[in-house]
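Below is one structure, written out as C-alpha coordinates, with a few remarks after it.
The values are calculated or read from the model by the stated rules, or taken from the named source; none is laboratory data. Quantities reported herein were computed from a predicted structural model and do not represent experimental measurements. Because the Cβ atoms are built from the backbone with ideal geometry, glycine has one as well, and the counts that use them run over all protein chains shown. The protein model used for the area step is the full one, side chains on, heavy atoms only, and it has no ligands, DNA or RNA in it. Shrake-Rupley method; radii C 1.70, N 1.55, O 1.52, S 1.80 Å.
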Amino acid sequence: MSTVLPSRLYKYYPPERADLITNWSLRFSRPSHFNDTFDTDYTIHDKRDLRRRLKNRISPAVFCLTEDPHNHLMWVNYAAHHTGFVVGFDPTDSFFTDEGGTLNKVRYQVEPPDMASDGDPPLDLCFIKSKDWEYEKKWRCVRSIPIGETIDVALPHTAIREIIMGWKITSSARIELLDDIEALRSDHTIAVSDSVPNRKTWTFSHKPTKFHLCTQCGGRGTTKDKA
(Lines give C-alpha, C1' and ligand atoms only; values in the text may rest on other atoms or scores of the structure.)
Protein backbone atom coordinates (compact mmCIF):
# COMPACT_ATOMS: atom_id res chain seq x y z
CA MET A 1 0.00 0.00 0.00
CA SER A 2 1.43 3.38 -0.96
CA THR A 3 1.83 6.04 1.74
CA VAL A 4 -0.39 9.10 1.38
CA LEU A 5 1.65 12.29 1.36
CA PRO A 6 0.30 14.89 3.83
CA SER A 7 -0.47 18.39 2.57
CA ARG A 8 2.12 19.74 5.04
CA LEU A 9 5.10 18.38 6.91
CA TYR A 10 6.57 20.29 9.83
CA LYS A 11 9.88 20.98 11.51
CA TYR A 12 10.36 22.39 15.03
CA TYR A 13 13.09 25.00 15.50
CA PRO A 14 14.58 26.97 18.45
CA PRO A 15 14.41 30.79 18.10
CA GLU A 16 18.06 31.17 17.03
CA ARG A 17 17.30 29.23 13.85
CA ALA A 18 15.33 32.12 12.36
CA ASP A 19 18.34 32.40 10.03
CA LEU A 20 16.73 29.53 8.11
CA ILE A 21 14.52 32.10 6.38
CA THR A 22 17.20 34.80 6.30
CA ASN A 23 19.72 32.59 4.50
CA TRP A 24 17.32 30.12 2.82
CA SER A 25 19.50 27.21 3.74
CA LEU A 26 18.78 24.21 5.93
CA ARG A 27 21.05 21.60 7.41
CA PHE A 28 20.73 17.87 6.94
CA SER A 29 22.21 15.69 9.70
CA ARG A 30 24.17 12.46 9.97
CA PRO A 31 22.41 9.71 11.97
CA SER A 32 25.36 9.55 14.37
CA HIS A 33 24.43 13.07 15.57
CA PHE A 34 20.83 12.21 16.45
CA ASN A 35 19.74 11.85 20.07
CA ASP A 36 18.52 8.30 19.38
CA THR A 37 21.38 5.90 20.14
CA PHE A 38 19.82 3.25 17.91
CA ASP A 39 19.12 5.39 14.83
CA THR A 40 19.83 3.42 11.60
CA ASP A 41 21.00 0.55 13.80
CA TYR A 42 20.35 -3.08 12.87
CA THR A 43 21.13 -6.60 14.01
CA ILE A 44 24.23 -8.24 12.59
CA HIS A 45 25.55 -11.75 13.02
CA ASP A 46 29.22 -11.21 12.26
CA LYS A 47 31.34 -8.95 14.48
CA ARG A 48 33.55 -8.19 11.48
CA ASP A 49 30.59 -6.23 10.14
CA LEU A 50 30.72 -3.62 12.93
CA ARG A 51 32.67 -1.23 10.68
CA ARG A 52 29.97 -1.43 8.01
CA ARG A 53 27.30 -0.60 10.59
CA LEU A 54 29.32 2.37 11.85
CA LYS A 55 29.74 3.67 8.29
CA ASN A 56 25.98 3.59 7.86
CA ARG A 57 25.58 5.90 10.87
CA ILE A 58 27.86 8.58 9.40
CA SER A 59 27.09 8.31 5.68
CA PRO A 60 23.43 9.22 4.96
CA ALA A 61 22.28 12.84 5.14
CA VAL A 62 18.88 13.09 6.81
CA PHE A 63 16.33 15.88 7.25
CA CYS A 64 13.62 15.04 9.80
CA LEU A 65 10.02 16.27 9.68
CA THR A 66 6.74 15.45 11.39
CA GLU A 67 3.03 15.34 10.59
CA ASP A 68 2.19 16.97 13.93
CA PRO A 69 2.73 20.72 14.58
CA HIS A 70 0.99 20.57 17.98
CA ASN A 71 3.01 18.05 19.97
CA HIS A 72 3.75 19.43 23.45
CA LEU A 73 6.89 17.32 23.95
CA MET A 74 8.33 18.35 20.59
CA TRP A 75 7.64 22.01 21.30
CA VAL A 76 9.59 21.56 24.54
CA ASN A 77 12.45 19.44 23.19
CA TYR A 78 13.02 20.91 19.73
CA ALA A 79 11.58 24.45 19.93
CA ALA A 80 13.17 25.58 23.19
CA HIS A 81 10.15 25.23 25.47
CA HIS A 82 7.72 26.93 23.07
CA THR A 83 9.99 29.95 22.49
CA GLY A 84 10.82 28.80 18.97
CA PHE A 85 8.71 28.19 15.91
CA VAL A 86 7.48 25.49 13.54
CA VAL A 87 7.96 25.58 9.78
CA GLY A 88 5.33 24.03 7.53
CA PHE A 89 6.90 22.61 4.38
CA ASP A 90 5.22 21.68 1.10
CA PRO A 91 6.18 18.00 0.72
CA THR A 92 5.39 18.07 -3.01
CA ASP A 93 8.11 20.65 -3.64
CA SER A 94 10.94 19.35 -5.80
CA PHE A 95 13.38 20.13 -2.98
CA PHE A 96 12.46 16.83 -1.34
CA THR A 97 13.32 14.73 -4.40
CA ASP A 98 16.17 16.80 -5.89
CA GLU A 99 19.68 15.42 -5.82
CA GLY A 100 18.35 11.88 -5.58
CA GLY A 101 16.57 12.59 -2.31
CA THR A 102 13.90 10.26 -0.95
CA LEU A 103 11.00 11.45 1.22
CA ASN A 104 9.25 8.74 3.19
CA LYS A 105 7.35 8.02 6.37
CA VAL A 106 9.25 6.53 9.30
CA ARG A 107 8.23 3.03 10.33
CA TYR A 108 8.27 2.22 14.06
CA GLN A 109 8.93 -1.28 15.38
CA VAL A 110 9.79 -3.09 18.59
CA GLU A 111 13.11 -4.64 17.53
CA PRO A 112 15.90 -3.61 15.14
CA PRO A 113 15.80 -4.95 11.59
CA ASP A 114 17.88 -8.02 10.81
CA MET A 115 20.53 -7.44 8.15
CA ALA A 116 22.56 -9.84 6.05
CA SER A 117 26.31 -9.65 6.57
CA ASP A 118 27.19 -8.81 2.97
CA GLY A 119 26.68 -5.69 0.89
CA ASP A 120 26.15 -2.10 2.01
CA PRO A 121 23.19 -1.39 4.31
CA PRO A 122 20.29 0.22 2.40
CA LEU A 123 19.27 3.84 2.99
CA ASP A 124 15.88 2.41 3.95
CA LEU A 125 17.31 1.88 7.44
CA CYS A 126 16.90 5.65 7.94
CA PHE A 127 13.13 5.11 7.85
CA ILE A 128 13.04 2.60 10.73
CA LYS A 129 12.98 3.64 14.39
CA SER A 130 12.08 2.22 17.79
CA LYS A 131 8.46 2.44 18.92
CA ASP A 132 9.67 4.66 21.78
CA TRP A 133 9.70 7.51 19.23
CA GLU A 134 6.33 6.79 17.64
CA TYR A 135 4.74 9.88 19.18
CA GLU A 136 6.85 12.06 16.84
CA LYS A 137 4.98 10.86 13.71
CA LYS A 138 8.15 11.38 11.78
CA TRP A 139 8.94 11.61 8.07
CA ARG A 140 12.44 11.88 6.64
CA CYS A 141 14.10 13.19 3.53
CA VAL A 142 17.31 11.24 2.92
CA ARG A 143 20.10 12.17 0.51
CA SER A 144 23.42 10.57 -0.31
CA ILE A 145 25.86 13.39 0.50
CA PRO A 146 29.46 12.12 0.64
CA ILE A 147 31.30 12.45 3.93
CA GLY A 148 33.35 15.66 3.91
CA GLU A 149 30.89 17.59 1.72
CA THR A 150 28.66 20.27 3.19
CA ILE A 151 25.30 19.17 4.54
CA ASP A 152 23.93 22.73 4.34
CA VAL A 153 21.50 22.68 1.43
CA ALA A 154 19.98 25.67 -0.41
CA LEU A 155 16.25 25.92 0.23
CA PRO A 156 13.86 27.31 -2.43
CA HIS A 157 11.24 29.80 -1.24
CA THR A 158 8.50 27.58 -2.63
CA ALA A 159 9.26 24.83 -0.10
CA ILE A 160 7.98 26.84 2.91
CA ARG A 161 4.25 27.52 3.19
CA GLU A 162 3.64 28.16 6.87
CA ILE A 163 5.24 29.48 10.06
CA ILE A 164 3.76 28.78 13.52
CA MET A 165 5.11 30.98 16.32
CA GLY A 166 5.59 29.32 19.70
CA TRP A 167 3.25 30.62 22.39
CA LYS A 168 6.24 31.80 24.46
CA ILE A 169 8.21 33.31 21.57
CA THR A 170 10.02 36.53 22.44
CA SER A 171 9.19 39.83 20.80
CA SER A 172 12.62 40.03 19.15
CA ALA A 173 12.34 36.53 17.65
CA ARG A 174 8.84 37.31 16.38
CA ILE A 175 10.04 40.54 14.76
CA GLU A 176 12.93 38.76 13.04
CA LEU A 177 10.62 36.13 11.57
CA LEU A 178 7.96 38.64 10.51
CA ASP A 179 10.62 40.83 8.88
CA ASP A 180 11.94 37.95 6.78
CA ILE A 181 8.45 36.80 5.84
CA GLU A 182 7.36 40.32 4.90
CA ALA A 183 10.29 40.54 2.46
CA LEU A 184 8.71 37.65 0.49
CA ARG A 185 5.15 38.93 0.39
CA SER A 186 5.42 40.29 -3.14
CA ASP A 187 6.01 36.92 -4.80
CA HIS A 188 5.35 34.20 -2.22
CA THR A 189 2.71 33.68 0.46
CA ILE A 190 3.62 32.18 3.82
CA ALA A 191 0.79 31.73 6.32
CA VAL A 192 1.71 32.95 9.79
CA SER A 193 0.01 31.55 12.90
CA ASP A 194 0.38 31.55 16.66
CA SER A 195 0.46 28.36 18.70
CA VAL A 196 -2.30 28.48 21.31
CA PRO A 197 -2.64 26.28 24.45
CA ASN A 198 -6.06 24.97 25.43
CA ARG A 199 -6.09 24.48 29.19
CA LYS A 200 -9.38 22.60 29.14
CA THR A 201 -8.01 19.80 26.97
CA TRP A 202 -4.23 20.11 27.53
CA THR A 203 -3.71 20.42 23.80
CA PHE A 204 -2.29 22.97 21.38
CA SER A 205 -3.69 24.37 18.16
CA HIS A 206 -2.74 27.31 15.97
CA LYS A 207 -4.62 30.36 14.78
CA PRO A 208 -3.74 33.07 12.23
CA THR A 209 -1.55 35.63 13.98
CA LYS A 210 -2.85 39.07 14.90
CA PHE A 211 0.69 40.48 15.03
CA HIS A 212 2.22 42.61 12.28
CA LEU A 213 5.38 44.62 11.91
CA CYS A 214 4.94 48.15 13.16
CA THR A 215 4.98 50.62 10.26
CA GLN A 216 5.55 53.56 12.61
CA CYS A 217 8.83 52.37 14.12
CA GLY A 218 10.78 51.12 11.13
CA GLY A 219 10.00 47.47 11.78
CA ARG A 220 11.54 47.51 15.26
CA GLY A 221 8.30 46.44 16.91
CA THR A 222 4.94 44.85 16.30
CA THR A 223 1.31 45.88 16.42
CA LYS A 224 -1.63 43.61 17.16
CA ASP A 225 -5.07 43.52 15.60
CA LYS A 226 -7.89 44.34 17.97
CA ALA A 227 -10.08 41.45 19.06
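For segment 132-145, putting each phi into the Karplus relation 6.51 cos²θ - 1.76 cosθ + 1.60 with θ = phi - 60° gives couplings of 4, 9, 4, 4, 6, 6, 8, 10, 9, 9, 10, 10, 9, 9 Hz, in residue order, rounded to whole numbers and with x for Gly and Pro. Extension gain for Lys55-Asn23 works out to 8.4 nm (0.36 nm per residue, less the C-alpha to C-alpha distance). Distance between the 7 Å Cα→Cβ label points at His81 and Ser144: 4.4 nm. Calculation over all alpha carbon pairs of segment 114-210 in 5 angstrom steps from 0 returns a P(r) of 2, 8, 13, 13, 14, 16, 13, 9, 5, 4, 2, 0 percent.
Please state the charge dipole magnitude for the chain, taken about the Cα centre, from unit charges on C-beta atoms (+1 on K and R, -1 on D and E), reported in debye and rounded to the nearest 20.
On the way: 31 positive and 31 negative charges, 144 e Å.
Its charge dipole is roughly 680 debye.
Calculated accessible area for the chain comes out at 56 Å² per residue, all protein chains present (probe 1.4 Å; ligands, DNA, RNA ignored). Pairwise Cα separations in segment 1-57 fall into 5 Å bins from 0 onward with the following percentages, short to long: 4, 12, 15, 14, 16, 16, 11, 8, 4, 1.
Would you mind checking segment 156-184 for residues with the amide N under 18 Å from a putative spin-label position 7 Å along Cα→C-beta of Arg199? Correct set: 167-169.
For the chain, averaging the sequence separation of C-alpha pairs within contact (under 8 Å, six or more residues apart) and dividing by the residue count gives a relative contact order of 25 percent.
Computed over the Cα atoms of the chain, what is the ratio Rg over Rh, Rh following Kirkwood?
Numbers: Rg = 19.5 Å, Rh = 19.1 Å.
In the chain, Rg relative to Rh is 1.02.
Helix 171-182 and the longest principal axis of the C-alpha atoms of the chain enclose an angle of approximately 90°. When the solvent-accessible area of segment 52-101 is split by element, carbon and sulfur atoms take up 55 percent of it, the probe being 1.4 Å.
For segment 1-95, with only Lys/Arg (+1) and Asp/Glu (-1) charged at the beta-carbon, what is the dipole magnitude about the Cα centre, in debye rounded to 20?
For this selection, approximately 580 debye.
Here each label is just a point 7 Å from Cα along the line to Cβ, and for Thr102 and Phe38 those points are 2.1 nm apart. Backbone geometry of segment 86-94 corresponds, through the Karplus equation with coefficients 6.51, -1.76 and 1.60 at θ = phi - 60°, to 3J(HN,Hα) couplings of 10, 9, x, 9, 8, x, 8, 5, 4 Hz, x marking Gly and Pro.
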